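For reference, the structure is listed below as structure tokens.
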Amino acid sequence: MRHRLRRAPLAACAAALVLPAALTACGTSADPNAKELTVYSADGLRGEKGDGFYDKVFKDFEKQTGIKVNYVESGSGAAVQRLARERSHTQADVVVTLPPFIQQADGKGLLATYRPKGSDRVAAGDKDPAGRWTAVVNNYFCFIHNTKELPKPPKTWQDLLDPKLKGKLQYSTPGVAGDGTAVLVKALHDFGSTDAAMKYFAKLQENNVGPSSSTGQLAPKTDKGELLVANGDVQMNYANTRSMPHQGIFFPAAKPGAKPSTFALPYAAGLVKNAPHTANAKKFLDYLLSEPVQREVSAVGGGFAARQDVKATDARAEELAALMKGVDVFEPDWKDIDKNLPGYLDAWRKATGS
């Protein structure tokens, strides 16, 4: 989801070229001794003004190791699709995506086994038991609302069907954006069946503006009042409230009287199979899970440390803890979602006419 964090397709960051052709133009090569590596990542951890988590991490990593990070940003699904297209001529060294796309990358045989230093401190549910990926920044799914024009956020899914939200509600596209897929995951859980969830999405389509490949593009629209409600994730939306003060985070309940709920949506990183700069990639993954970097996840990135032994005490960490207070956190069946996602997406497209 990320200062102003935007989930914009193929955005660039400092010291990185993003367009596909530019990777070779900027010197990305198959030379394993080159002092560089390439990261394909879901958007949200980079700051538009150069003050985000990735911005600091890349700069500090290069300063410590001399290794430059080339950064390619996209939606989670798009990152995996690109890895698959490039399988015969691998460009990326590290991929960072949200579930279920990290599992999808593994299922497609795109990831190599590597357990970064510090991964033993990551909860079992936040890493692959075979060692092909691990969470590096923990996060949670959420919705956002414009706090000026809609000061009281919707409490339930049913409230999102309110006619006053017609043309003022938008969520990113499931199957393309990680947070968009998260909307589908939560609905499947809350409504209890595929049929019930799809009947709901058909009704919600009356209010929905239309498809969006980028969740990050919805935050500024919500802040300006072009939208009143959109989807997002806690890390991204909390981090960008400094530059977008009119967006508030909320978690819709399954039904009236139920507690607000969400689920973990971590940024998970893996070593790309046949990576051109494997040694550099391993150093980078070790660095991401190092204790000093993990302590900066909340203070700099607005997220939650992936390591269980790192307990941040900065002001932002305390605000994040307060935000999550009273919110039920459920655990999706990621194996089921990974296996059946194509069918769920087909059902969603049919229900919404997308």
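Only one residue in 286, 336 is modelled with pLDDT of 95 or more and among the charged types (D, E, K, R), so which one is that?
Just a single option satisfies the conditions, and that option is 286.
Can you pull out the residues in the range 156-205 that are surrounded by 19 or more Cβ atoms within 10 Å (Cβ to Cβ) and of a type in the set (Asp, Glu)?
179, 190
Quick one: is residue 101 over 23 Å from residue 291 (Cβ atoms) and aromatic (Phe, Trp, Tyr)?
Answer is yes for this residue.
Here's a check for you: in the range 311-349, which residue that is touching a strand residue (DSSP E or B) at 6+ places or on another chain (Cβ under 6 Å) and not aliphatic (A, V, I, L, M) is nearest to residue 178 (Cα to Cα)?
Applying the filter and picking the extreme gives 332.
If a residue has to be in contact with a Phe, Trp or Tyr (Cβ under 8 Å, 6 or more places away or on another chain) and of a type in the set (Ser, Thr, Tyr) to count, how many in the range 172-211 make the cut?
Total meeting the criteria: 3.
Looking at residue 296, is it surrounded by fewer than 18 Cβ atoms within 10 Å (Cβ to Cβ), outside the structural domain of residue 187 (by TED's automatic domain parsing), more than 25 Å from residue 181 (Cβ to Cβ) and not polar (S, T, N, Q)?
Considered against the rule, which asks whether it is surrounded by fewer than 18 Cβ atoms within 10 Å (Cβ to Cβ), outside the structural domain of residue 187 (by TED's automatic domain parsing), more than 25 Å from residue 181 (Cβ to Cβ) and not polar (S, T, N, Q), residue 296 comes out as no.
Limited to the range 72-111, what total is found for residues that are at pLDDT 95 or above, crowded, with 24+ Cβ neighbours inside 10 Å and more than 22 Å from residue 131 (Cα to Cα)?
Summing the residues that are at pLDDT 95 or above, crowded, with 24+ Cβ neighbours inside 10 Å and more than 22 Å from residue 131 (Cα to Cα) in the range 72-111 gives 1.
Could you pull out the residue among 102, 67 that is under 25 Å from residue 308 (Cα atoms) and among the β-branched types (Val, Ile, Thr)?
102
Could you list all residues from the range 52-71 that are closer than 16 Å to residue 239 by Cβ and surrounded by 24 or more Cβ atoms within 10 Å (Cβ to Cβ)?
52, 53, 54
Could you pull out the residue among 167, 180, 216 that is in contact with a Lys or Arg (Cβ under 6 Å, 6 or more places away or on another chain) and either modelled with pLDDT under 95 or outside the structural domain of residue 101 (by TED's automatic domain parsing) (or both)?
Testing whether each residue is in contact with a Lys or Arg (Cβ under 6 Å, 6 or more places away or on another chain) and either modelled with pLDDT under 95 or outside the structural domain of residue 101 (by TED's automatic domain parsing) (or both) leaves just 216.
Just a yes or no: is a residue in the range 245-266 assigned to a loop (DSSP other than H, G, I, E, B), modelled with pLDDT of 95 or more, touching a Leu at 6+ places or on another chain (Cβ under 6 Å) and more than 26 Å from residue 136 (Cβ to Cβ)?
The answer is no, given that none of the residues of the range 245-266 is assigned to a loop (DSSP other than H, G, I, E, B), modelled with pLDDT of 95 or more, touching a Leu at 6+ places or on another chain (Cβ under 6 Å) and more than 26 Å from residue 136 (Cβ to Cβ).
Look through 341, 288 and report the one residue that is assigned by TED's automatic domain parsing to the domain that holds residue 88 and within 18 Å of the chain's Cα centre (by Cα).
288
Could you tell me which residue of the range 250-270 is nearest to residue 122 (Cα to Cα), considering only residues that are surrounded by fewer than 23 Cβ atoms within 10 Å (Cβ to Cβ) and aliphatic (A, V, I, L, M)?
The extreme case among them is 264.
Taking the criterion of being assigned to a loop (DSSP other than H, G, I, E, B) and not assigned by TED's automatic domain parsing to the domain that holds residue 300, would at least one residue in the range 230-238 satisfy it?
no
The values are calculated or read from the model by the stated rules, or taken from the named source; none is laboratory data. Everything numeric here is computed off the predicted structure, so don't read it as measured data. Methodologically, a virtual Cβ is constructed for each residue, glycine included, from the backbone with ideal geometry; neighbour enumeration extends over all protein chains shown.
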